Amino acid sequence: DAGITQSPRHKVTETGTPVTLRCHQTENHRYMYWYRQDPGHGLRLIHYSYGVKDTDKGEVSDGYSVSRSKTEDFLLTLESATSSQTSVYFCAIQEGTYSNQPQHFGDGTRLSIL
Amino acid sequence: GQNIDQPTEMTATEGAIVQINCTYQTSGFNGLFWYQQHAGEAPTFLSYNVLDGLEEKGRFSSFLSRSKGYSYLLLKELQMKDSASYLCAGTNAGKSTFGDGTTLTVKP
């Protein structure tokens, strides 16, 4: 158990509203990631973090922002949600600091934008 | 780009062996991961290759050829619970790029 908790697990909201998803880890891993998963597209990286206040963009970062003020928490914010952001969002941590370490995923957040 | 390609769907019979292929552009990745994802659940780590050759873990094996940009996941003695999506992911500098996944259906 990698000790990753995502909240909320499910959310339905309206277009134009702000949404924040939280990822909490209990094991002080340095690297954290946010992905979205849509049918037929696998996992796509939104943003990632390699330490407190150190974040970078992934391949699908438009419309999303992140913050990491504490090692254990990585927040994903949709400033003004759109229907195209309806998806399942997964947070992940990477063991250690080398690329040959696997990622472990939270249980996901199912987000619906109406 | 760093596209990763894998078949969309495969079907196999319980007790059989199945090979799921993954191809990628040879530059940019320094390792290949395989993950399993059951419907409605999070992906879980299966196997990792950083050097050419075969890595065996019980019923699951993974192979990598870096010069050919090719990997495969081999599942032996298939069980019904192996019905899932299998994700190939290339990794570099702490970031992973995922293929779209192969949905494997195991039939009795």
Does A:Asn28 satisfy being exposed (fewer than 13 other Cβ atoms within 10 Å of the Cβ) and either within 20 Å of B:Asp100 (Cα to Cα) or over 11 Å from the mean Cα position of the chain (by Cα) (or both)? yes
Test A:Tyr50 against the criterion of being within 9 Å of another protein chain (Cβ to nearest Cβ), crowded, with 16+ Cβ neighbours inside 10 Å and more than 23 Å from A:Ser112 (Cα to Cα), and give yes or no. yes
Can you name the strands (runs of 3 or more DSSP E) wholly within the stretch A:1-53 that have at least 2 residues being farther than 19 Å from B:Gln37 by Cα, free of Cβ contacts under 8 Å to residues at least 40 places away in the same chain and out of contact with any Pro (no Cβ under 8 Å at 6 or more places or on another chain)? A:43-51
Of all residues in the stretch A:11-31, how many are modelled with pLDDT under 95 and within 14 Å of another protein chain (Cβ to nearest Cβ)? 3
When the stretch A:56-114 is checked residue by residue, the ones that are under 13 Å from A:Ile46 (Cβ atoms), hydroxyl-bearing (Ser, Thr, Tyr) and in a loop (DSSP other than H, G, I, E, B) are A:Ser61
Residues (more than 30 Å from B:Val50 (Cα to Cα) and either crowded, with 17+ Cβ neighbours inside 10 Å or of a type in the set (Gly, Ala, Ser) (or both)) located in the stretch A:87-114: A:Ser87, A:Thr109, A:Leu111, A:Ser112, A:Ile113
Residues that are within 14 Å of another protein chain (Cβ to nearest Cβ) and surrounded by 15 or more Cβ atoms within 10 Å (Cβ to Cβ): find the strands (runs of 3 or more DSSP E) completely inside the stretch B:17-108 holding 2 or more of those. B:18-24, B:31-37, B:44-49, B:60-65, B:84-92, B:95-98, B:102-107
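The values are calculated or read from the model by the stated rules, or taken from the named source; none is laboratory data. What you see is a predicted model, and the numbers here were worked out from it, not measured in a lab. In this analysis, Cβ positions are derived from the backbone assuming ideal geometry, glycine residues included, and neighbour counts consider all displayed protein chains.
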